[in-house]
1. Condition first: among the small types (Gly, Ala, Ser) and out of contact with any Leu (no Cβ under 7 Å at 6 or more places or on another chain). Now tell me which residues in the range 50-74 satisfy that.
2. Go over the candidates 69, 26, 41, 3 one by one and state the one that is at pLDDT below 90 and assigned to a loop (DSSP other than H, G, I, E, B).
3. Out of all the residues in the range 81-121, which are away from ligand 2 (no atom under 16 Å from the Cβ), part of a loop (DSSP other than H, G, I, E, B), at pLDDT 95 or above and not small (Gly, Ala, Ser)?
4. Which one of the conditions (1) assigned by TED's automatic domain parsing to the domain that holds residue 93; (2) modelled with pLDDT of 95 or more does residue 207 fail to meet, given that it meets all the rest?
5. Taking the stated definitions as given, is residue 177 part of a loop (DSSP other than H, G, I, E, B) and either at pLDDT 95 or above or not β-branched (Val, Ile, Thr) (or both)?
6. Could you identify the single residue in 99, 79, 91 that is among the β-branched types (Val, Ile, Thr), within 16 Å of ligand 1 (Cβ to nearest atom) and closer than 26 Å to residue 256 by Cβ?
Amino acid sequence: MKNKFNSKNIAVSYVVMVACYLMSNNAVAQYCYPTLHSGTNVCTYINSVTTSGAMTNITTPVDTGFNGNIYNGISYFATPVISQYAGQSFTLTVQANGTCDIAYFNVWVDWNRNEVFDSTEQVVNNVSCANNVTSFTINIPANAVIGTTRMRIINFGGGTTIGSCSNLNGYYSECEDYALKVVLFSGVNELDIGNAFSIYPNPLTSSSTLQLNTQVKNAEVVIYDLLGKEMMRTKLTGDRMVIARGTLVSGIYFVKVVNEDRQWVEKMVVE
Ligand SMILES: [Ca+2]
Ligand SMILES: [Ca+2]
């Protein structure tokens, strides 16, 4: 038997070790942050961030008041995680608060996960909202890098064009980062596939029944085609619903049921 630990293998091991070191080193690279006005801020801050229409959403704001778990006025909320498929969208709803009633929102998402909010990754640009509840549609690029990335929201009362790491100390502001998980649609293994629900008849001709094994309240039912395009979305309370054929052409679809933080997928054939 030959000795496996020859010089070539040692060299390979060394290269692997260096590569791992560089990768781990890279993994601790840090997002930069803006510089904020010092001291307390009762003038204008971000008081509520929620999402809807994603696979998992922020349903209860975690950011009430003027926060700062990294620096004063700068926070990263690692949970709850917003998750949605690449190529799909979700609704981001924000509301500022404060005595000034002046708020300008800016949002970036690090779509390529290089830990930099590139200027091309700005999805909301200096929109005046005052203290009103305001919603934005966030479209996830189909080529967004899969995995958990960050969304940055800055409310800068100064109202001038800013960058994600600008010096904002000329006026009041707040910066909040959130975790956003971009999911590959074909990554059905991310989901619980099993006998949580059944569809009958399957294949569907004119309509079928979706029967859950459990009662749900306000669960989301979404039908996707093979390319991950959303074909239908509805809410389900109870344990069954009728799926009408509607405009579905013959082919294979995925039916996804999302109930709070659990989700299940079944394949459905339309004849
Ligand atoms: Ca806040
Ligand atoms: Ca980036």
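1. Let us first name the residues in the range 50-74 that are among the small types (Gly, Ala, Ser), namely 52-54, 65, 68, 73.
Residues satisfying the conditions are 52, 53, 54, 65, 68.
2. Values: 69 fails: at pLDDT below 90; 26 fails: assigned to a loop (DSSP other than H, G, I, E, B); 41 fails: at pLDDT below 90.
Result of the check over 69, 26, 41, 3: 3.
3. Taking the range 81-121 as the starting set, the residues that turn out to be away from ligand 2 (no atom under 16 Å from the Cβ) are 81-85, 87-105.
After this cut, where a residue has to be part of a loop (DSSP other than H, G, I, E, B) as well, the list is 87-88, 98-103.
Now drop any that are not at pLDDT 95 or above, which leaves 98-103.
If the condition is that a residue be away from ligand 2 (no atom under 16 Å from the Cβ), part of a loop (DSSP other than H, G, I, E, B), at pLDDT 95 or above and not small (Gly, Ala, Ser), then 99, 100, 101, 102 are the ones that fit.
4. Unmet condition: (1).
5. Details: part of a loop (DSSP other than H, G, I, E, B): no; either at pLDDT 95 or above or not β-branched (Val, Ile, Thr) (or both): yes.
Answer is no for this residue.
6. Values: 99 fails: closer than 26 Å to residue 256 by Cβ; 91 fails: within 16 Å of ligand 1 (Cβ to nearest atom).
The unique qualifying residue is 79.
For (1) among the small types (Gly, Ala, Ser); (2) outside any strand (DSSP E or B), each residue gets a yes or a no:
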| residue | (1), (2) |
| --- | --- |
| 211 | no, no |
| 219 | yes, no |
| 224 | no, no |
| 246 | yes, yes |
| 253 | no, no |
| 257 | no, no |
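To keep it simple, each residue is scored yes or no on (1) surrounded by fewer than 17 Cβ atoms within 10 Å (Cβ to Cβ); (2) polar (S, T, N, Q); (3) out of contact with any Lys or Arg (no Cβ under 6 Å at 6 or more places or on another chain).
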position	(1), (2), (3)
110	no, no, no
115	yes, no, yes
125	yes, yes, yes
140	no, no, yes
167	yes, yes, yes
182	no, no, yes
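The values are calculated or read from the model by the stated rules, or taken from the named source; none is laboratory data. Just so it is clear, the model here is predicted, and its values are computed rather than measured. Counting neighbours? That spans all protein chains shown, and the Cβs are built from the backbone with ideal geometry, glycine included.
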